[in-house]
Every structure is written in C-alpha cells, then in structure tokens.
1. Sort 180-187, 193-200 for me by packing, meaning the mean count of neighbouring Cβ atoms within 10 Å per residue, highest on top.
2. Provide the per-residue ³J(HN,Hα) series for region 336-341, in order, calculated from phi with Karplus coefficients 6.51, -1.76, 1.60 and θ = phi - 60°, each as a whole number of Hz, with x at glycine and proline positions.
3. Please list, in chain and number order, the residues 5+ apart from Val293 or on another chain whose amide H is under 5 Å from its amide H, with Hs placed from the backbone.
4. Top to bottom by accessible area (1.4 Å), largest first, where do Asp206, Asp234 land?
5. Hey, for a label at Val298 modelled as a point 7 Å past Cα toward Cβ, could you say which residues of region 244-277 have their backbone N under 11 Å away?
6. Taking 0.36 nm per residue of sequence separation and subtracting the Cα-Cα distance, how much length would be gained by fully extending the chain between Lys196 and Lys305, in nm to one decimal?
7. Whose amide H sits under 5 Å from the amide H of Asp243, counting only residues 5 or more places off or on another chain, with H placed in the peptide plane?
8. Please calculate the 1.4 Å probe accessible area of Thr147, with all protein chains present, and give it to the nearest 10 Å².
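The values are calculated or read from the model by the stated rules, or taken from the named source; none is laboratory data. Small disclaimer: the values here were computed from a predicted structure and weren't measured. Note that we place each Cβ from the backbone using ideal geometry, even for glycine, and neighbour counts take in every protein chain shown. Accessible surface is based on the protein model in full, side chains and every heavy atom, while ligands, DNA and RNA are left aside. Shrake-Rupley method; radii C 1.70, N 1.55, O 1.52, S 1.80 Å.
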Amino acid sequence: ERERERERSKADSFIDAFGFLRRIPPPLSFLFEHSFFKRATPPKKRASRKKESHRIIIIAMPSSKQKEQQEDIEKALEKMRLANAKAGESVDKQEIVKALSQLHGDGGLIGALQAKLDGLVGLSSGYVEELHPKIRARLFSLQVLQTERDELFEKYSEERRLLEEKYDELYQPLYDSRKRIVTGEKEYSDCDEDLKKEIEALPADDKSPSGVPDFWLVAMKNIEDLAEEIKERDEACLSALCDVQTGKLEGEDEDGDEMVGFYLRFYFKENAYFTNKCIEKRYHMEDDSEDAVLNYIVCDDIDWKPGKNLTVKVLRKKPKPGAKNQKPITKTEPCESFFTFFYPPEVPDEDDQGNMTEEEVEELQEQMENDYAIGSLIATALVPNAVDHFLGLHLEDDEDEDGEEEDEDAEYGESIDGDSDDDSDEDDNGEKIKGLDPKAKEECKQ
C-alpha cells in the first residue's frame with residue numbers, strides 16, 4: 001500500500017505540473033497522444049483514504065548545458081504560435097513530437113516547455129469559429145450562464161470565508177476551556193449523577209492526578225495515520241504535550257504580500273527533552289483556493305537538552321585491540337521519530353533546483369506531500385475533535401463501517417471460508433468437514 005501511494009503521488013504531481021495542458025485548444029490535443037505524457041497516467045485512487053486537494057509543484061530550472069535543446073523546443077513552439085495566429089494553417093506535429101522526445105524526463109526542459117506552452121493559453125484555435133452559427137449562438141448563451149455561475153461562486157467563497165472567521169472566534173473560548181481542564185487549571189463543571197456519587201464516596205485525603213494525563217498522546221495514537229508516526233521512545237516526551245492549536249497565517253511576508261496558509265502550535269510543559277515551551281510550524285501557500293499550491297514549510301528549532309534528541313540515536317563502537325586510542329568511538333545517525341515532523345524538507349533556491357536530478361526532485365516532492373498530509377490531518381481532525389479521539393469514538397465509527405461491509409458480503413452469499421456457493425465443504429475423500437455446515441456458519445455470524 002505504501003509503495004502504491006508513492007507511485008500515485010509521483011503520477012499525480014506530474015499531472016498537476018502539466019495541468020495547464022487541459023486548457024490547450026483542440027488542434028493541439030495530439031500532444032496528449034505522445035508517449036511522454038502517456039506514461040504519466042496515474043493509477044486509480046484508494047477509496048479508503050481521501051487525498052488532499054492541495055498540490056505541490058517543484059520544477060527544476062534549466063541549466064546552461066541545456067541551451068541547445070531548449071532552442072529546438074522554442075523553434076517548435078514558435079511554429080505553434082504562428083499556427084494559432086494564422087487561420088487555416090495547421091500545427092507541425094512532427095516538429096512538436098521531435099521537441100518532446102528530447103525531454104527524457106529532464107526537469108529543466110520540462111520547466112521550459114511548461115513556460116512556453118503557458119504562452120499559448122487563450123489563443124484562438126479556430127475551432128469555435130468554424131462551427132455552425134446556431135451552435136455558436138448556443139455556446140454564447142452557455143457562456144453567459146457560466147459567467148453568472150462564476151459570479152455566484154465568488155459571492156459564495158466570500159460568504160464562506162466570513163462564516164469560517166465568525167465560527168473560528170466562537171470555537172476559541174471552547175478550546176481555551178478544554179486546555180485549562182486538560183492541564184488542571186480548571187476543574188470540571190458538568191457531571192452526571194452517578195459520577196457525583198462516586199466522587200462523594202472518595203476518602204477526604206484522596207489525591208487524584210491533575211487534569212487529564214496523556215490527553216494529547218492518547219488522542220493522537222487513536223488516529224491511525226498519526227499513530228504510525230509515533231514511536232515508543234516518543235511517548236514520554238509527548239506526555240508533556242498540553243495543547244495543540246491551529247489557525248490561519250496573518251500579516252505580510254518578506255515581499256510585502258499577505259501571507260496565506262495555516263500554522264500549528266504545540267505547547268509543552270517542562271520536560272526532560274527540550275526547553276521549548278511552544279513549537280510553531282507554518283505552511284505557506286500560494287493562495288487560499290481549493291487548488292492552492294504549497295510554497296514552503298518553516299518550523300521553530302527545537303532546543304534539545306544534551307543527549308535527549310529523539311530524532312537521532314547514538315552508536316558506540318569499541319576500538320580495535322592494539323589501537324592507540326582506546327576510547328569508545330561514538331557517532332549519531334537519524335532514527336524514526338514523531339519529532340522529525342518538526343524538521344520539514346527544505347526547498348532549494350532556483351539555482352540549486354537546476355542541479356537536482358529527477359530522483360531528487362521526486363523525493364523532495366514526496367517529502368513535501370507527506371509533511372502536508374500530516375499537518376493538515378492535525379489541523380482538521382486532531383485539533384477540533386481531540387476529545388472524541390481521546391475517547392476512541394472515531395474508532396468505534398470505523399468498526400461499525402467495517403461491520404456493515406461484512407454484513408453486506410454475507411447478504412450476497414459470501415460464506416465463512418470464502419466460497420460463494422451454499423454447498424457443504426468436503427475434504428479430498430468427499431467427506432463433510434466438521435464445523436463448516438450451514439448451522440455452524442450462522443452461529444459464527446452471530
């Protein structure tokens with residue numbers, strides 16, 4: 001499953017990078033028939049796990065060694081422009097296919113091709129002009145309807161933004177109270193009668209733990225994708241986690257543009273691992289639309305205490321007999337830990353991107369996507385529904401869904417041993433196998 005997920009991510013990122021080709025006029029549709037594009041067809045997506053709509057595009061820039069090949073591509077694309085500008089003149093397909101064959105998966109040339117083809121968007125292909133006048137009139141009416149729909153969608157988007165901001169403000173006091181109860185700053189206020197009787201029956205010198213111990217650790221471990229990231233050596237440190245918050249980025253970036261994206265803040269009480277009281281991680285997006293592009297991720301540095309870094313392990317090697325230096329040799333190497341989440345992948349600058357291989361680009365792409373998937377899961381699932389996850393209510397919902405699927409299989413004649421018929425199971429000698437008769441099957445189902 002992990003291997004299929006990696007292949008799907010690679011294919012999806014390629015299709016996203018060339019998504020603009022869907023807007024190319026029909027006379028240029030032959031581009032999609034080229035083998036260069038065919039091998040990027042993504043496999044079917046898993047139904048059990050939703051894929052985030054945000055895409056990440058990282059394309060290497062061309063280097064000086066690629067100038068000669070770039071010139072051939074530019075000549076071919078210039079012919080495409082002329083073909084679109086002059087009515088009745090067809091595109092030289094042979095030249096375009098020749099240009100495409102020179103790419104060989106080269107990130108720099110792919111970037112050059114994308115930039116050149118972007119210049120063709122919006123040019124008339126002559127296809128509509130050749131249609132029957134009545135068909136063009138109908139298309140005009142359809143275009144008016146589309147414009148009205150787009151105007152309504154803009155109003156919807158604005159009203160949705162205002163509504164989200166309104167309810168974010170209403171949620172905040174509830175999250176603040178949750179934090180105070182979890183940390184022991186505030187005592188319970190709502191309690192049923194049975195619990196009240198249990199509490200009243202406690203001895204006068206009873207010393208109960210403060211707050212709700214391991215609240216965030218348990219909630220995170222009850223989310224399957226987060227539980228996979230948490231290792232046993234992380235649990236003692238995550239027990240010190242006392243609150244997790246999320247929200248939209250505000251203010252301006254270094255270029256003076258309004259920041260778009262979201263942040264995650266992890267608040268820790270004093271612990272034996274690091275000195276940070278709060279660790280903030282920020283996801284900077286291109287815009288706030290559904291198809292927003294992730295630009296980069298930044299995170300606060302963790303101030304680890306000596307020998308307590310959970311993201312590395314220390315290896316000690318005894319010196320060889322007879323060696324001058326008899327002191328043990330120590331070295332560190334990375335190890336799996338949830339806290340690697342606070343070390344996001346770094347996006348190199350344009351010059352360094354030009355020197356990256358295709359494998360390095362794909363690896364960076366996958367790291368960015370995985371990081372964003374975990375970050376968005378924390379922001380959209382853990383923070384708003386932490387209590388339900390701590391109580392395991394979402395796990396019960398998943399079990400109910402699995403049970404319904406099993407019931408449906410049984411309704412369609414699925415037997416316990418996997419056979420679809422109603423005949424009794426027999427061994428090689430033709431005798432019935434004990435325990436696999438219809439009555440036994442009904443008892444097992446119950």
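1. On the way: 180-187: 14.9, 193-200: 9.2.
By packing density, highest mean first, the sequence is 180-187, 193-200.
2. Per-residue couplings from phi come out as 5, 6, 4, 6, 5, 4 Hz.
3. Sorted by chain and number, the residues that satisfy this are Glu286, Asp287.
4. Details: Asp206 70, Asp234 0 Å².
Descending accessible area places them as Asp206, Asp234.
5. 252-255
6. Details: separation 109, 0.36 × 109 = 39.24 nm, distance 4.33 nm.
34.9 nm is the gain from fully extending Lys196 to Lys305.
7. Excluding prolines and chain starts, which carry no amide H, the hits are Tyr267.
8. It works out to around 70 Å².
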